[in-house]
Structure formats: C-alpha cells, structure tokens
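Inspection log for the structure reproduced underneath, given as structure tokens.
Every read-out reported here was derived from the displayed coordinates using simple, explicitly stated rules and does not represent laboratory data. Since we're looking at a predicted model, the values are computed, not measured. A quick note on method: Cβ atoms are made from the backbone with ideal geometry, for glycine too, and the neighbour counts reach across all protein chains shown.
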Ligand code: PA5
C-alpha cells in the first residue's frame, strides 16, 4: 500500500510485460482497429440474419457484451453472447455467429464454433491465430485477424472495434462518424489525465486505485454501462488480482440495496463504484441518486463516476480506459504483475492433461 504510484521505474519493474504500456497505447490500438474494421469484407449471404451470437470467454467475450449493449437500442437484430460450450437451441442457418478468441485456442469457443458450423450458421472467426484460425481456413470460414503479442484483455480495442467492423461490413449497424471522432478525442484527453507521469495528487485513476486497495470491489452499471462495469470487474480480477463483482441498476434496487446489514463490518471491506451516464433513462438517473443516499446511510464507501462525452460509445470507451488504468495501478499497490494469470494457466493446463 505504501507503493509510490509516482515512481515510474518501480511500476515498470513490476510490469515486465508492459501492461501499463498496453493501456497507454489503447487510443492508438483503437485507431488501428478502426482502419482494419473499415477494410473488412464478408459474404453478402451473411447479411439479414435474424440473430447475432458472439462466442467467447473472458477478455475475448467482453467485446460481445459491449457490442450487445451499444446496439440494443439501435438494431432490430438481437445479440447474444455465449460463454460456454453449448449453443442455444435456436442457433441455425438464420444466425450470424462470430467466434472470438484472442489465442484461437480456447476450448469453449472452439466447441461452439464447430457446433455453429454443424448447424449451418453463418460463421466468422475473430482471432490472432491458433487453432481457430487454422480450422477456419480449413473449413473456408472467413477470418478477421488482428495482431497479438500481449494479453487478450489488453487487446479489447481490437476485439470490440472489430466486432463493430463485422456488423458494419454486413450492414447490421454503422456507428456515426461523429461518435468515432468524439470517442477518439475523449480517449486522447483521458490518456493524458490518467497516465503514469501525472502525479497521484492530480491523477484520478491513481487516486481511485488507492481507494480500492484491500477492498472487495463492487462495480455497478446501468444500461450501456453494465457491460463496462463487467469489464472493470474482470480487470480488477485479472490485472489487480483482487476480488470484485459487478451489479446492474435498476435490478439492484430490488435486492442488493437490502443486503447492507451483514457482515457487520461490511463498510470496512467494501468499495462500491457506480458508473453513471447523463444518457441514462431519467428514472435511472434518479435511482442512482436515491441509491447513493441509501449507501451513505449505511456508511458504505461509494465512488460515483460520471462518463465523459455525449454518445454512449464515447462514454463506454472513456470508462473502459479509466477502469483499465485503475486496475493496473491497483496491481502495483498490491505488489503484483498486472499481466500474470497463473491460476488461469494452471486451470487450462490441467484441463489439457485430461482432454
Ligand atoms: O484475459 C484473459 O487472459 C482471459 O480472460 C482470456 O481472454 C480467456 O481465457 C479466453 O482466452 P482467449 O481470449 O485466448 O480466447
């Protein structure tokens, strides 16, 4: 906890795979992802499907949640994210299935990919390589490739924007040019404000990490920001090696806010972080205020964060970027390498030993 977040050398020392650098280069990654997204060409037979499914796990699934959240109020086509081995019964020839796996070797995603092909779905692979790229090539499935070299969660610029590129190439949805431009501008500004060279005294990302230290983190979202709350949760887990969960408003108004009495020292161990937006439904905004009063009444530490920008896309991007910075600074406070994922590797190796 005494770790000095203004000591860049000490941070780099804990970060041999340069996760902080990946976060700092996020705006660049997004720009490159858009260039690749605009170049995507897919068979016209993939257009006009009734349903879109994104298959993926962890860092390769969250882009699907973001896509579904952004498009929910924009398109007629429902988007479902499948995290697991089994496809819903309704997946058939009238479904566009996008199999997203950074490594291309994630068994749940590969199982779903094979099953989608058996069902005659229109399948696209989104990956840096691995078995998924090989199988796709063998079976004549279109592959959208992007560069690897880091951790899957650090490639979210690719794994989300390229999903937008796929739906754009097939005419399901097109993000307005102004939203792209606004997001790029906001990301550049935030990148400067949250970066490692800005001292903790003036750097909100470092300050939030300090507040999050040694607490169970509950990240709360609503509407398009629920997917971002989930992203914060997973980044706290994987980068910071810290316990975290996420929840959603208005649903949390119907249960979570009652669970405030036990454990009796809850306030000493928890931090609630709400991700709020001026674009939320007016009643949702009102609910945030009342919810905050309830938390206050129970003396539960609560950080209320308001998204920057007008367009929901910009708001999502800005808060993703903030969460990524906070999670990496928190890793340093925890004395941890933000890239290390020993428990995931152990689990994958154990599964591989018993196919
Ligand atoms: O962030 C991570 O490393 C994980 O959550 C992975 O994304 C997850 O295990 C799936 O692997 P992949 O992204 O290679 O399909």
Counting other beta carbons within 10 Å of each residue's own, what order do 6, 38 fall into, fewest first? 38, 6
Kirkwood-based Rg/Rh on the Cα set of the chain evaluates to 0.97
Once each part is reduced to its C-alpha centroid, what is the distance from segment 240-289 to segment 22-62 in angstrom? 30
Comparing 292, 331, 61 in a Gaussian network model of the chain (Cα, 10 Å), the one with the largest mean-square fluctuation is 292
Given the rule -39500 (n - 2.57) for each run of at least 4 DSSP H residues, summed and divided by the residues of the chain, what is its mean residue ellipticity at 222 nm, to the nearest 500 deg cm²/dmol? -14500 deg cm²/dmol
Relative contact order of the chain, pairs being alpha-carbon contacts under 8 Å that are 6 or more residues apart, as %: 20
Once you keep just the Cα pairs under 8 angstrom separated by 6 or more residues, what percentage relative contact order results for segment 19-175? 30
Need one word for segment 198-333: rounded, prolate or oblate. Basis is the Cα gyration tensor (sqrt eigenvalues a ≥ b ≥ c); a/c below 1.5 gives rounded, then a/b vs b/c decides. oblate
Return one number: the angle in degrees, 0 to 90 and rounded to the nearest 10, between the long axis of the Cα atoms of helix 342-353 and the longest principal axis of the Cα atoms of the chain. 30
If neighbour count is taken as other Cβ atoms inside 10 Å, put 60, 339, 240 in order from fewest to most. 339, 240, 60
Distance between the C-alpha centers of segment 72-128 and segment 175-228? Whole Å please. 30
re segment 19-175: pairs of Cα atoms spaced beyond 27 Å account for a percent value of 14
With labels modelled as points extended 7 Å from the Cα through the Cβ direction, what inter-label distance (nm, one decimal) is found for residue 25 paired with residue 261? 5.3
If you fit an axis through the alpha-carbon atoms of helix 130-139 and take the longest principal axis of the Cα set of the chain, what angle between them do you get, 0 to 90°, nearest 10? 20
Order by neighbour count: 111, 127, 314, fewest other Cβ atoms within 10 Å first, most last. 111, 314, 127
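Normalised by the residues of segment 198-333, what does the relative contact order come to in percent, with Cα pairs under 8 Å and at least six apart?
Worked out over segment 198-333, it gives 34 percent.
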